[in-house]
Amino acid sequence: QVQLVESGGGLVQPGGSLRLSCAASGITFSIYAMGWYRQAPGKQRELVSSITKGGTKNYVDSVKGRFAIFRDNAKKMVYLEMNSLKPEDTAVYYCNLGGPNGGYWGRGTQVTVSS
């Protein structure tokens, strides 16, 4: 059974940093693309960042230069390093394996950026 478990969310002040982690189990992790999505209240879920099995990374424009995604295939982990956080980054962040259609999702971790 495939499981994705996110951790690392929390409350942080504007300008602060957080590191999200996603632990995968029950699947051959290294052959899949991984992604981080987020959903803010009243908004659609959006792709924040993705990393292919080969390590190619993509970011939504609003987080470029502030967020970094990386993966550790040996540990079956994917991370999202978030710096210079802004109130508009507030959302539930979800880990995804295999793409938004037919892939797998974690339950999400709340990130709140507020003073």
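Taken together, the values in this text are just the output of simple stated rules run on the coordinates, not laboratory data. The model shown is predicted, which means the values in this text are computed figures rather than measured ones. Because the Cβ atoms are built from the backbone with ideal geometry, glycine has one as well, and the counts that use them run over all protein chains shown.
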Inset, instruction - Place a +1 charge on the Cβ of each Lys and Arg in the chain and a -1 charge on the Cβ of each Asp and Glu, then give the dipole magnitude about the Cα centre in debye, rounded to the nearest 20. - result: 160
Legend entry - FRET efficiency, T112 to D61 (Cβ-Cβ, R0 22 Å, nearest 0.05): 0.50
Legend entry - log₁₀ of I(q)/I(0) at q = 0.14, 0.15, 0.20, 0.30 Å⁻¹ - segment 49-95, Debye sum with one point per alpha carbon: -0.36, -0.41, -0.70, -1.28
Legend entry - Kirkwood hydrodynamic radius over Cα pairs of segment 1-75, then Stokes diffusion coefficient at 10 °C and 1.306 mPa s, in µm²/s: 115
Legend entry - Proximal charge balance of Q110 [Cβ under 13 Å; K/R count +1, D/E count -1]: 0
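Between Q13 and Q39, what FRET efficiency comes out of the Förster formula 1/(1 + (r/R0)^6) with R0 = 25 Å and r the beta carbon distance, rounded to 0.05?
FRET efficiency, Q39 to Q13: 0.70.
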Inset, instruction - Just need the relative contact order of the chain here, percent rounded to a whole number, with Cα pairs under 8 Å and 6+ apart. - result: 36
Inset, instruction - Specify which residue in the list S62, V92, Q3 is farthest towards the positive end of the charge dipole of the chain, using unit charges on the beta carbon of Lys, Arg (+1) and Asp, Glu (-1), about the Cα centre. - result: Q3
Legend entry - Positive minus negative residues near M34 (Lys, Arg vs Asp, Glu; Cβ under 9 Å): +2
Inset, instruction - Report the extension gain between I31 and A74 in nm, rounded to one decimal, defined as 0.36 nm multiplied by the number of residues separating them, less their alpha carbon distance. - result: 14.3 nm
Inset, instruction - Could you name the lysines whose alpha carbon sits less than 21 Å from that of K86, not counting residues in the same chain fewer than 8 places away? - result: K43, K64
Inset, instruction - Just add up the charged neighbours of G15: K/R +1, D/E -1, any other residue whose Cβ is under 12 Å from the Cβ of G15. - result: +1
